[in-house]
Amino acid sequence: MGGLRDLWARYRDRRTGTKYPAGDITPLPAARVRDALLALNGTGVPFRVRAALGAEKADLVAEWQVVLPALGDSVVGEKVERNMKARMRLVPDGREVHVLDEVREVALVGDPPRRGVSRRWSRGPYVRKQWTYERGPDGRRHKVVLFDSRDMRDPLRDTVLAAGWTWRGVFRL
């Protein structure tokens, strides 16, 4: 029965993006992990980390807001405002950081842009990459990345793992 339980745990970890620190790292105290995450603000990352508000049910929140051109079957000139938020709760007993991703997308239409009717919201592990193709100086088409959710998730996760803590993706806090 233990084998099935281990298999299920590995599946759940992969599905939620849970990562464990290397075995040779001495875990830091919770206050140092918190300070390390807040210190990401001055390093040129595209998001900001702040203390959570009471209603957010977390210790820290990382937020990233970006406006992107809409792709696919969208109206010409339409853009999408994407707000990505990672709510993080530090669990000192287990030396874990529980993370819940939330993404809100709103279509912007018109000139000047205003919020349209189209809206999307999701919760849980979020991985998304958006790109387009542009002609380079050599006349050939080149892939240009517009948005990659790993630009926010990876620095946060790497900071937690470097502190000797587990990064645990969750579906609710």
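The values are calculated or read from the model by the stated rules, or taken from the named source; none is laboratory data. Nothing here was measured: the structure is a model prediction, and the numbers come from that model. Quick reminder, even Gly has a Cβ in these numbers, built from the backbone with ideal geometry, and neighbours come from all protein chains shown. Note: areas computed on protein heavy atoms with side chains; ligands, DNA, RNA excluded. Shrake-Rupley method; radii C 1.70, N 1.55, O 1.52, S 1.80 Å.
Miscellaneous remarks
- Condition met for residue 138 (at pLDDT 85 or above, open to solvent by 80 Å² or more (accessible area, probe 1.4 Å) and not in a strand (DSSP E or B)): yes
- Residue check, residue 50 modelled with pLDDT of 70 or more, within 30 Å of residue 23 (Cβ to Cβ) and basic (Lys, Arg): no
- Top-ranked residue in segment 144-171 [being assigned to a helix (DSSP H, G or I) and open to solvent by less than 10 Å² (accessible area, probe 1.4 Å); ranked as farthest from residue 101 (Cα to Cα)]: 160
- Residues that are touching a residue at least 24 places away in the same chain (Cβ under 8 Å) and small (Gly, Ala, Ser) within segment 40-55 comprise just one, 52.
- Among the residues of segment 164-171, at least one is touching a Gly at 6+ places or on another chain (Cβ under 8 Å) and either under 24 Å from residue 67 (Cβ atoms) or at pLDDT below 85 (or both).
- Of the strands (runs of 3 or more DSSP E) entirely within segment 9-96, those holding at least 1 residues that are open to solvent by less than 30 Å² (accessible area, probe 1.4 Å) and within 30 Å of residue 133 (Cα to Cα) occupy 60-69, 79-91.
- Yes/no for residue 104 being in contact with a His (Cβ under 8 Å, 6 or more places away or on another chain) and not acidic (Asp, Glu): no
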